[in-house]
1. If the Cβ limit is 6 Å and pairs must be 6+ apart or interchain, which residue in the stretch A:135-158 that is modelled with pLDDT of 95 or more pairs with which residue that is surrounded by fewer than 12 Cβ atoms within 10 Å (Cβ to Cβ)?
2. Report, by residue number, each residue of the stretch A:61-90 that is surrounded by 24 or more Cβ atoms within 10 Å (Cβ to Cβ) and at positive phi.
3. Check residue B:110 against each of (1) within 10 Å of another protein chain (Cβ to nearest Cβ); (2) away from the ligand (no atom under 16 Å from the Cβ); (3) in contact (Cβ under 8 Å) with a residue 12 or more places away in the chain and name the one condition it does not meet.
4. It is to be established whether one or more residues within the stretch B:48-66 are more than 16 Å from the ligand (Cβ to nearest atom), over 24 Å from residue A:2 (Cα atoms), facing chain A (nearest Cβ under 9 Å) and in contact (Cβ under 8 Å) with a residue 24 or more places away in the chain.
5. Inspect all residues belonging to the stretch A:110-123 and state whether any of them is within 13 Å of the ligand (Cβ to nearest atom), under 30 Å from residue A:36 (Cα atoms) and at pLDDT 95 or above.
6. Look at the stretch A:195-208 and say how many of its residues are part of a loop (DSSP other than H, G, I, E, B) and over 24 Å from residue B:122 (Cβ atoms).
Ligand SMILES: Cc1cc2nc3c(=O)[nH]c(=O)nc-3n(C[C@H](O)[C@H](O)[C@H](O)COP(=O)(O)OP(=O)(O)OC[C@H]3O[C@@H](n4cnc5c(N)ncnc54)[C@H](O)[C@@H]3O)c2cc1C
């Protein structure tokens, strides 16, 4: 197939800055060279292309709008959008990986995390050394997450979580999960590290969609007090 | 907040899937000969290609303005719902049209079409289903929440 030249019927490029076009073209090239040649193989096998993580980090895809002091690219939102567009021309599963890492893990840590959490997690997530996931959906609560059952309790200077999450992109490979749970009836976010007692995330099989992205069957938090 | 950030990226992302499907369709239609002509020369193929490129262009404009509003700190989350809802819906429609243009070849993984089409079935569900985004915009314009 001939090389992809973009689709721009309305000369929308004239509304973009030079920097925005540069970012877009960098990701376009990355997708042509690194994603498209290998993606069908992963899609067939139902495997996530781990080898792409470093390359994605090198071109600044993770947390692209966050400050440079955390090792992020500090781009505007249009440039970030163009990055997602180009990446998804490769594959929606690969774009989902990047969306979760950036929008659902790094962004909430940046917005709501403590200074200590930001300094520790953001640079590692930006480099792709650590992988994150976001757990909101539960087996019985999808469109209505406010009904969630997962509970948090304050205990011994930390929190104890109990419940199960489902359909959590990156869940099987994540080093850290942003988990939503009710604390005294109010939904709050918690960072749960892999290896925490009671944290399990077995892989889901049989997906006909987003096959080059990993989704665990269920993530369980069983850290009961009793 | 964080859901907005990811949804915003999805609204842009699916333009990429749609572009991949359109690009492959245009090339295929120009090279596949039936009845002694490239299939691109038939009116019904042109209608599909025109629909695809028009919807891609509309999606690009929705996202660009959304991004400019976001950069100015003026974006409303209901506006993200509009871009996510519209763009995923049309990306899926474009993927299905692309499959038709590729004929039987459209089902093979030699072409990216079925992979994008199948992937978009997840994308239209996650980060707020098509229906939930309809109701979010519906509440915003009418003042009536129709979720329950
Ligand atoms: C591949 C994949 C990856 C995902 N990744 C993540 C992730 O990383 N993190 C995460 O937290 N979640 C994730 N999800 C979950 C996703 O966000 C949910 O599937 C979604 O919110 C819908 O929930 P549900 O599947 O339970 O459907 P339901 O809520 O059971 O909905 C079923 C149908 O009913 C409709 N419906 C429901 N309520 C109403 C109503 N009031 N009015 C009209 N129609 C209604 C819906 O639109 C839908 O069509 C992922 C899903 C998939 C498929």
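1. These pairs meet every condition: A:141/A:147.
2. Correct list: A:63 only.
3. It is condition (3) that residue B:110 fails.
4. Yes; the residues of the stretch B:48-66 include at least one that is more than 16 Å from the ligand (Cβ to nearest atom), over 24 Å from residue A:2 (Cα atoms), facing chain A (nearest Cβ under 9 Å) and in contact (Cβ under 8 Å) with a residue 24 or more places away in the chain.
5. no
6. Here the count works out to 4.
This table checks each residue for (1) more than 14 Å from chain B (Cβ to nearest Cβ); (2) away from the ligand (no atom under 15 Å from the Cβ); (3) loosely packed, with under 13 Cβ neighbours inside 10 Å.
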| residue | (1), (2), (3) |
| --- | --- |
| A:130 | yes, yes, no |
| A:135 | no, no, no |
| A:164 | yes, no, no |
| A:181 | yes, no, no |
| A:195 | yes, yes, yes |
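One line per residue, one yes/no per condition, for (1) within 22 Å of residue A:95 (Cβ to Cβ); (2) facing chain A (nearest Cβ under 9 Å); (3) touching a strand residue (DSSP E or B) at 6+ places or on another chain (Cβ under 8 Å):
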site: B:78; (1), (2), (3): no, no, no
site: B:83; (1), (2), (3): yes, no, no
site: B:86; (1), (2), (3): yes, no, no
site: B:98; (1), (2), (3): yes, no, no
site: B:123; (1), (2), (3): yes, yes, no
site: B:126; (1), (2), (3): yes, yes, no
site: B:130; (1), (2), (3): yes, no, no
site: B:138; (1), (2), (3): no, no, no
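The values are calculated or read from the model by the stated rules, or taken from the named source; none is laboratory data. As the structure is a prediction and not an experimental result, all values here were calculated from the model. Cβ atoms come from the backbone with ideal geometry, glycine included; neighbour counts cover every protein chain shown.
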